[in-house]
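Trainee: Sharing a structure with you now.
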């Protein structure tokens, strides 16, 4: 049994999740710029919106409007150089994710060129990245638009998903291994019943019998392993009994292996406490150096006290049960995203998979940590329609089961209508309209929103001519003055070219930034 954290550490642990309906992510006046040789690209210039707990928020707009930059800004993954978050606040459950960002770089304009010299303080940047480990994964997880750039080509799929699982659910996985009972009296009858069912060549019955074996052994992954051992052995399932017994044997832990798992659990626990301290630092806006040093010293002490686990020969024996468990946990996750041959895919490498398969692997990795906020950046772009429906159903299940909030970035207004509660429309680095999804489709206010909805077919108007928005998204190095949409807007007025329109409230939860409307000013 793990030791309880010290009082000083316990005081720094994160507070419980807020009640349903509370704001889990609050973005205010976010500005993200990219410093290029041609000039400063103002990719985000005053983005403001929030997401409530358990809510699905849609973010739509044309390519180049800043949707993905918003997602990368929230997770502090903006490539630096050339990008930097310049201003604003990102509050996640009371923690300011941008705390201390004003000290991470200095900016000096270069005369007569329009460029800026950026001097970065890498020590502060590294400290900020360490603090973000408290949020990424378990708190905020992200499905990337380009899985090929997010997966490492030299590691297998199983290795990469296992790393994510161990980082965020390591303690529970070790506890499951320690509580396995492969020698329980119910295991042998379940094994005999499994072999009997395998002869019928019925996949559904075989799956149920395999799950029963996993329950009898108190380790569900054994049931998954048994299913794949017998799936094609219907002609002579009894011949697979030695392999099934080897599968059960991996849950019989030696004293040396149990000692290794105790050490690993202690390391996972200390890592969790360190993340809690980082989160508390961002809540209090001050560094808790003493607590951090204490946890780091205890981690080092735990590692040094058991150095023999790293000795050649002993390491493989110590890690074998955990590695096997992680592999079959990976297979179970890949099954959840409808991959046809999950065992083969888990053993494979990214270059062996198609774009759609890689996208599903990325989704499985993002969902594995069961985050409180899931940022899905075009999650279903490379998928077939049937698989897209299954992935959206997985996201709904995560939302209903643990209250995960979702920020869904997509071009597909049909997907937005089906799964989102609210939607924000983004244009050229600004939010131009936000509303409940039904209200937005029933009464779009901003001319840009009206143009987007006019470009999609409607079942109730089959003869309607589809329209397009003239022009394209402006160059954000030299964006238009005033309202950035005015060069393409059919209702543009002189004031639109001079001043940026204020955000006004035009209905319950419905805000718009346009001079065509004169409701009360929105205060956020």
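Trainee: Would you mind ranking 227, 515, 308 so that the residue whose beta carbon has the fewest other beta carbons within 10 Å leads the list?
Mentor: Details: 227 22, 515 19, 308 12.
Fewest to most other Cβ atoms nearby, the residues stand as 308, 515, 227.
Trainee: Arrange 395, 132 by Cβ neighbour counts within 10 Å, fewest through most, would you?
Mentor: Working: 395 22, 132 19.
Going from sparsest to densest Cβ surroundings: 132, 395.
Trainee: I've got another one for you. If the chain between residue 192 and residue 29 were fully stretched, how many nm would it gain, using 0.36 nm times the residue separation less the Cα-Cα distance? Mind showing how you got there, number by number?
Mentor: Working: separation 163, 0.36 × 163 = 58.68 nm, distance 6.37 nm.
Gain on stretching residue 192 to residue 29: 52.3 nm.
Trainee: Continuing with this model, one more query. What nm value, rounded to one decimal, do you get for the distance between residue 149 and residue 238 when each label is placed 7 Å out toward the C-beta?
Mentor: 5.8
Trainee: Still on this model: Using the alpha-carbon atoms, what tilt in degrees (0 to 90, nearest 10) does helix 385-402 show relative to the longest principal axis of the chain?
Mentor: The answer is roughly 80 degrees.
Trainee: Identify the residues of the range 447-486 with backbone N under 14 Å of a label point that sits 7 angstrom from the Cα of residue 516 along the Cα-to-Cβ direction, or state none.
Mentor: Of the residues in the range 447-486, 447-455, 469-470, 485-486 have backbone N under 14 Å from the label point off residue 516.
Trainee: How big is the gap, in Å, between the Cα center of the range 217-232 and the Cα center of the range 97-131?
Mentor: Taking the Cα centre of the range 97-131 as reference, the centre of the range 217-232 is 52 Å away.
Trainee: Angle, helix 203-216 long axis vs. longest principal axis of the chain, Cα atoms, 0 to 90°, nearest 10?
Mentor: 70
Trainee: What order do you get for 133-139, 53-59, 316-322 when each peptide is scored by the mean count of other beta carbon atoms within 10 Å, highest first?
Mentor: 53-59, 133-139, 316-322
Trainee: For the ranges 370-379, 462-471, what's the packing order if you count other beta-carbon atoms within 10 Å of each residue, average per peptide, and put the highest first? Present the calculation step by step, with values, prior to reporting the outcome.
Mentor: Values: 370-379: 22.7, 462-471: 9.5.
Output ranking for 370-379, 462-471: 370-379, 462-471.
Trainee: Out of (i) 95, 73, 43; (ii) 69, 67, 45; (iii) 82, 64, 42, which label holds the value of Cα extents along the principal axes in Å that was computed here?
Mentor: Given (i) 95, 73, 43; (ii) 69, 67, 45; (iii) 82, 64, 42, the calculated one carries the label (iii).
Trainee: Contact order normalised by length for the range 181-249, with contacts defined as Cα pairs under 8 Å and 6 or more residues apart; what percent is it? List each step's numbers first, then the result.
Mentor: Values: 81 pairs, mean separation 24.1, N = 69.
Answer for the range 181-249 is 35 percent.
Trainee: Also, quick follow-up: Using alpha-carbon positions, what is the distance between the centroids of the range 278-326 and the range 41-55, in Å?
Mentor: Centre-to-centre distance over Cα atoms comes out at 35 Å.
Trainee: Now, a different point. Which whole number of Å³ per residue matches the convex hull of the alpha-carbon atoms in the range 421-513?
Mentor: Numbers: hull volume 9.5 nm³, N = 93.
Once divided by residue count, the hull of the range 421-513 is 103 Å³.
Trainee: Rank these for me by crowding, 63, 48, going from fewest to most other beta carbons within 10 Å.
Mentor: Details: 63 9, 48 19.
Placing the least packed residue first, the sequence is 63, 48.
Trainee: Next up: Just from its helices, what would the mean residue ellipticity at 222 nm be for the chain, if runs of 4 or more DSSP H residues each count -39500 (n - 2.57) and the sum is divided by every residue, rounded to the nearest 500 deg cm²/dmol? Can you show the working numbers first?
Mentor: On the way: 19 runs with 229 residues, N = 524.
Theoretical 222 nm ellipticity from helices: -13500 deg cm²/dmol.
Trainee: Still on this model: How much length would be gained if the chain were fully extended between residue 443 and residue 315, taking 0.36 nm per residue of separation minus their Cα-Cα distance, in nm to one decimal? Write out the running numbers ahead of the final one.
Mentor: Working: separation 128, 0.36 × 128 = 46.08 nm, distance 6.36 nm.
Extending this stretch completely gives an extra 39.7 nm.
Trainee: Please identify which residues in the range 407-430 have an amide N closer than 12 Å to a label point set 7 Å out from the Cα of residue 62, following the Cα→Cβ vector.
Mentor: So the set is 427-429.
Trainee: Next question. Quick one: check the C-alpha center-to-center distance for the range 355-374 versus the range 460-524, whole angstrom.
Mentor: 35
Trainee: Angle, helix 289-304 long axis vs. longest principal axis of the chain, Cα atoms, 0 to 90°, nearest 10?
Mentor: Compared with the principal axis, the helix lies near 30 degrees.
Trainee: Additional query: Take residue 491 and residue 252, extend 7 Å from each Cα along the Cα→Cβ direction, and tell me the distance between the two endpoints in nm.
Mentor: In this crude spin-label approximation the distance works out to 7.6 nm.
Trainee: For residue 36 and residue 231 in the same chain, what is the full-extension length gain: residue separation times 0.36 nm, less their Cα-Cα distance, in nm?
Mentor: Numbers: separation 195, 0.36 × 195 = 70.20 nm, distance 5.59 nm.
Extra length from residue 36 to residue 231 when fully extended: 64.6 nm.
Computed from the coordinates by the stated procedures, all read-outs in this text should not be read as laboratory data. Remember, predicted model here, so these are calculated numbers, not experimental data. Neighbour counts are summed over all protein chains in view; Cβ atoms, including those assigned to glycine, are modelled from backbone coordinates with ideal geometry.
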